[in-house]
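In what follows, a structure is listed as structure tokens, so that the remarks can point back to it.
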Amino acid sequence: MSQRGMSSKNHLAQDITIFDVAEKAGVSHSTVSRVLNNKNNVNAETRERVLRAMKQLGYVGNIHARSLAGGSSHVIGLLVDHLNTGYTDELIRGIDGALETHDYNLMLYTTHRQKTREAAYVTKMTQGFADGLILIVPRNEKAYLETLQQRKFPYVLIDCQGYNLHVPSIITTNRKGGYDATAYLIETGHQRIGFITGEMAYGCAPERLAGYRAALEDHSIAFDPDLVSEGNFLQPQGYQCAHQLLSLPHPPTALFVSNDVMAFGAMEAARELGFRIPTDLSIIGFDDIPQAAHMHPPLSTVRQPLEEMGRSAVNLLFKYIANPLAEIERVELSTRLVLRESCQPLSTSPLDES
């Protein structure tokens, strides 16, 4: 008999993995994972075979029970506020790829931008359901970060520095990205540059605004609050903000938008108002999600290395899983301006004339 077979019941609960279940049932480990996650793409006979193998081996499918038995859940919790943007897709792609190399599974919770859900889901995942957490741009971190820190529970924030700036996080050079985009527009002749912010409760949004303002100051252009409109990182608000800015008596000749998704909405508003892109209006976004390169015209943007951010978050999280007392680290990755056809040097046109 193998050493695993001689172990106590609790030890079995700790050591039996989905690979053991897969071997016993004669299926792939991905099929076992689909059964555990109650996916509907497993036929009834196969599902029954997997469940029978789990019972025979003493596999504790309840992750919470496995954790109470003293073992690892081999699950990482991921909290996002929505799933309808390329930004989130690219981050998750990086996270999922990195977790696969560690033979870990992903437990995903979506808050739909509801703060109460965020705190509740974090509490649930930390009660034995996950070995660590990754939080993508959380909205309500004040409600639980202190508790996570006191418990030494492993977690990493993405694209958010945390309310006290002393938390494990993966960030990018948001201020520099905002500066680079604005400086480029100025250097190509634009003086009236509209700016659509992200939701200002998120740390990255004021950083991008600070970069915009710094570039104006360095080029001796007075900051005009009428050229700034607060968005929320979603496309409909990008449309509304752009419509407002472009309806000014003296509209901007260029727009810098705090993410690509809002920039798509801004492009739609510009066309409806009769602005030709880039002849009458240059537009720059932020993120460089895959869709940006396929817009008409292709969108200039500030690239965040989104997949790399996801991978880096996993690597940092495993550092804390291995040693919860490890020194708190913030990883800052570089942004880069990507120029495409949505921008051109300012030229005289009827819409430019005051």
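The values are calculated or read from the model by the stated rules, or taken from the named source; none is laboratory data. The shown structure was predicted, so the numbers you read here are calculated from the model rather than taken from an experiment. Ideal geometry is used to build each Cβ from the backbone, glycine not excepted, and the neighbour counts take in all protein chains shown. For accessibility, only protein heavy atoms count, side chains too; no ligands or nucleic acids. Shrake-Rupley method; radii C 1.70, N 1.55, O 1.52, S 1.80 Å.
Residue by residue through segment 108-126, note down the ones that are within 18 Å of the chain's Cα centre (by Cα) and open to solvent by 50 Å² or more (accessible area, probe 1.4 Å).
Pass one, segment 108-126, residues within 18 Å of the chain's Cα centre (by Cα): 108-115, 117-119, 121-122.
Result: 108, 112, 113, 114, 115, 117, 121.
Segment 135-197 holds strands (runs of 3 or more DSSP E) entirely within its bounds, and those carrying 3 or more residues that are within 25 Å of residue 94 (Cα to Cα) map to 155-158, 169-172.
Every residue, every condition in (1) open to solvent by less than 10 Å² (accessible area, probe 1.4 Å); (2) within 20 Å of residue 338 (Cα to Cα), yes or no:
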| site | (1), (2) |
| --- | --- |
| 158 | yes, no |
| 169 | yes, no |
| 180 | no, yes |
| 184 | no, yes |
| 200 | no, no |
| 205 | yes, yes |
| 217 | no, no |
| 221 | no, no |
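Across segment 312-327, what is the number of residues that are outside any helix (DSSP H, G or I) and either surrounded by 12 or more Cβ atoms within 10 Å (Cβ to Cβ) or at pLDDT 95 or above (or both)?
Pass one, segment 312-327, residues outside any helix (DSSP H, G or I): 323-327.
From the residues that got through so far, the ones that are either surrounded by 12 or more Cβ atoms within 10 Å (Cβ to Cβ) or at pLDDT 95 or above (or both) too are 324, 326.
Residues that pass the stated criteria total 2.
State whether the residues of segment 296-315 include one that is over 24 Å from residue 234 (Cβ atoms) and hydrophobic (A, V, I, L, M, F, W, C). Break it down into steps so the answer makes sense when it comes.
As a first pass, look at segment 296-315 and keep what is over 24 Å from residue 234 (Cβ atoms): 308, 311-312, 314-315.
Within this subset, residues satisfying the condition of being hydrophobic (A, V, I, L, M, F, W, C) are 314.
The answer is yes, given that some residue of segment 296-315 is over 24 Å from residue 234 (Cβ atoms) and hydrophobic (A, V, I, L, M, F, W, C).
Look at segment 225-242: where a residue is in contact (Cβ under 8 Å) with a residue 24 or more places away in the chain and more than 17 Å from residue 87 (Cα to Cα) and a partner is surrounded by 19 or more Cβ atoms within 10 Å (Cβ to Cβ) and polar (S, T, N, Q), sitting 6+ places away or on another chain with Cβ atoms under 6 Å, you get 230/197; 241/229.
Which residues, counting only those in segment 233-257, are among the hydrophobic types (A, V, I, L, M, F, W, C) and either farther than 29 Å from residue 89 by Cα or surrounded by 20 or more Cβ atoms within 10 Å (Cβ to Cβ) (or both)? Can you show your working first?
Of segment 233-257, the ones among the hydrophobic types (A, V, I, L, M, F, W, C) are 233-234, 241-242, 245-246, 248, 254-257.
233, 241, 242, 245, 246, 248, 254, 255, 256, 257, listed by residue number.
The criterion of at least 1 residues that are open to solvent by 70 Å² or more (accessible area, probe 1.4 Å), farther than 26 Å from residue 316 by Cα and at pLDDT 80 or above is met, among helices (runs of 4 or more DSSP H) falling completely within segment 1-86, by 18-25, 44-57. Among the residues of segment 281-311, those identified as open to solvent by 70 Å² or more (accessible area, probe 1.4 Å), under 28 Å from residue 252 (Cα atoms) and not in a strand (DSSP E or B) are 291, 294, 296. Evaluation of residue 154 against the conditions (1) modelled with pLDDT under 90; (2) over 26 Å from residue 23 (Cα atoms); (3) buried (at least 20 other Cβ atoms within 10 Å of the Cβ); (4) not basic (Lys, Arg) shows that the sole unmet condition is (1).
Within segment 258-280, track down each residue that is of a type in the set (Val, Ile, Thr) and crowded, with 23+ Cβ neighbours inside 10 Å.
Correct list: 261 only.
Annotation for segment 190-205: at least one member residue is out of contact with any strand residue (DSSP E or B) (no Cβ under 6 Å at 6 or more places or on another chain) and more than 30 Å from residue 149 (Cα to Cα).
Do we have any residue at all in segment 101-124 that's outside any helix (DSSP H, G or I), basic (Lys, Arg) and touching a helix residue (DSSP H, G or I) at 6+ places or on another chain (Cβ under 7 Å)?
Of all residues in segment 101-124, those outside any helix (DSSP H, G or I) come to 102-114.
From the residues that got through so far, the ones that are basic (Lys, Arg) too are 113.
Still in the running and touching a helix residue (DSSP H, G or I) at 6+ places or on another chain (Cβ under 7 Å): none.
No, that holds for no residue.
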